Every structure is written in structure tokens, then in C-alpha cells.
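Notes follow once the structure below has been shown.
The values are calculated or read from the model by the stated rules, or taken from the named source; none is laboratory data. The shown structure was predicted, so the numbers you read here are calculated from the model rather than taken from an experiment. All Cβ positions, glycine included, derive from the backbone under ideal geometry; neighbour counts span all protein chains shown. When the accessible area is computed, the model is the full protein with side chains, heavy atoms only, and any ligands, DNA or RNA have been set aside. Shrake-Rupley method; radii C 1.70, N 1.55, O 1.52, S 1.80 Å.
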Amino acid sequence: PTTNDQQPTSSPMPSEELKPNIRDLPLFAALSVVELRQLMRQSAVRAYKRNDIVFMEGDAYAGLYLVLSGRVKAIKTSPEGKEQIIHLLGPRELFADVPLFTGGPYPVTAQTLEDTRLLFIPRQAFLDLLHGNPEICMRMLGAFAKRMRQLVNLVESLALKDVTARLARYLADETKRTGNNTLLLPVSKANLAAFLGTIPETLSRSLHDLEDRGIIAVQGKQIVIHNRSVLQELAG
């Protein structure tokens with residue numbers, strides 16, 4: 001894994017083909033061409049291999065990240081070494097933005113799940129941008145509210161629901177997000193189990209349970225939802 005002593009491959013300027021994709025993001029849609037260019041001049045595209053560490057919990061805060069390609073997990077680790085995945089992040093998602101406002105170090109560890117490219121935006125560069133763009137501030141508040149709701153749902157699931165109900169909620173949310181009844185799991189079953197607060201063996205039993213009841217069909221990492229209403233009922 002990448003450590004603080006061995007930095008990932010980094011280029012000081014995002015390539016030209018990335019700029020339109022960044023401009024298409026709701027967060028950056030309000031930027032003028034001049035503002036976008038200024039932000040890009042201070043940012044860097046960083047390439048990571050699978051399982052590389054982007055930053056460790058407790059590291060000094062340097063800036064925030066945007067996923068350009070690949071996937072990242074945000075992890076909290078207990079003193080006993082048990083991991084709980086807090087967020088699973090994919091393309092077009094921003095992360096490590098909370099310390100931008102709260103101060104302090106990175107509150108979680110970020111690790112790649114596959115070969116990944118990230119846009120790193122230094123803290124001061126983004127703060128300078130916010131000072132002249134109240135619309136971006138409002139959009140970030142909306143993003144914070146969405147993430148807070150996700151964390152509340154995660155805590156509720158871990159505390160009050162069994163593994164099958166947690167899995168049903170995850171699948172129902174993914175179905176709603178994609179608008180598709182055929183899902184390709186974006187992460188390994190081991191990582192999904194960690195996200196749901198369980199172990200792979202228990203997750204496999206829950207998948208078989210939903211399949212035996214005719215609610216889903218499992219083909220490797222592909223899951224077909226046969227009964228969306230019952231899945232939603234199980235999810236609560």
C-alpha cells in the first residue's frame with residue numbers, strides 16, 4: 001500500500017479530457033471558465049493501485065478528493081483492529097471534505113478498492129473558491145445533509161436490524177439509485193460484508209436466504225431483483 005513516504009503517481013494539472021467531466025458535476029457547474037482553470041491549476045490528478053492508502057485516520061489534513069475513476073472505501077478502525085466501512089465511494093463523488101470546515105486531521109482512513117484516479121484539491125484552494133461562490137456552499141451543505149442521512153441509516157441498521165434486513169436495505173437503495181433491477185455489486189462481498197457490519201459467511205447466508213425466497217437471483221457479482229416490493233418491506 002501507498003504510505004506517506006511513498007506518494008502515488010501525481011500530475012500537477014488534470015488532463016484536458018477531465019475538465020468537461022468536472023464541470024458537469026453539480027458542485028462545479030456554477031464555476032466560470034476562469035474559476036475552473038484556477039482551481040485546476042492548483043489541483044492534481046493522482047493515480048493509485050488497488051489497496052493503496054490515500055490517507056490514514058489521524059493524518060494531518062491537506063485537502064479533499066474527487067473520484068475520477070475507480071472506487072474508495074472510508075474506514076474507521078477500533079482499538080482491537082476491527083474495521084467498519086463508513087462510506088463506499090465511486091466516480092463523481094467527493095470525500096474528505098468535512099475537515100475542510102471542522103478542522104483537525106482526517107477522521108477516517110481512505111483506501112482504494114481497485115486501480116483509482118483521484119483529483120486532489122488543496123484545502124486553501126477550495127476555501128478561496130468558496131469565498132466567492134455562495135452557490136457552491138449551499139450545494140456542499142446539501143451533500144453534507146445527504147451523507148448525514150446515510151450515516152444515520154447505517155447506525156440504525158447496525159443497531160436495530162439483522163444482516164438480511166441490512167442487505168435488503170442496501171440492495172433497495174442501490175436499485176433506487178440506479179433505476180435498474182439488475183445490479184452489479186460495485187465492491188467485493190468481503191467489503192460489502194464489512195460495510196454491513198458482518199462477516200462474508202453471514203452475508204452469503206443472507207444472500208441465499210433472499211434467493212431461496214424468490215426475492216433475488218445471484219449470479220456471481222450480479223444480482224437480479226425479482227420482487228422489489230418485498231425487498232423494500234424487508235428493508236423497512
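A compact table of results
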read-out	value
Enumeration of residues in segment 190-204 that are under 17 Å from A165 (Cα atoms) and exposed (fewer than 15 other Cβ atoms within 10 Å of the Cβ)	I199, P200, E201, S204
Listing of helices (runs of 4 or more DSSP H) fully contained in segment 136-230 that carry 3 or more residues being at pLDDT 85 or above and of a type in the set (V, I, T)	163-178
Residue, modelled with the lowest pLDDT, within segment 1-49, restricted to residues that are within 20 Å of E135 (Cβ to Cβ) and of a type in the set (G, A, S)	A30
Filtered residues of segment 81-114 (kept if open to solvent by 30 Å² or more (accessible area, probe 1.4 Å), under 23 Å from S69 (Cβ atoms) and of a type in the set (D, E, K, R))	R92, E93, E114
Index of the failed condition, V72 passing every other in (1) open to solvent by 20 Å² or more (accessible area, probe 1.4 Å); (2) closer than 23 Å to G197 by Cα	(1)
Looking only at segment 160-187, and only at residues there that are among the polar types (S, T, N, Q) and open to solvent by 20 Å² or more (accessible area, probe 1.4 Å), the one that is nearest to G236 (Cα to Cα)	T164
Sole residue being under 26 Å from N51 (Cα atoms), out of contact with any Cys (no Cβ under 7 Å at 6 or more places or on another chain) and not β-branched (V, I, T), chosen from S229, S188, S206	S188
Scan of segment 46-79 for residues that are closer than 21 Å to D115 by Cβ and assigned to a loop (DSSP other than H, G, I, E, B), ordered by number	K49, R50, N51, D52, M56, G70, R71
Enumeration of residues in segment 83-94 that are closer than 18 Å to S188 by Cα and not β-branched (V, I, T)	E83, Q84, H87, L88, L89, G90, P91
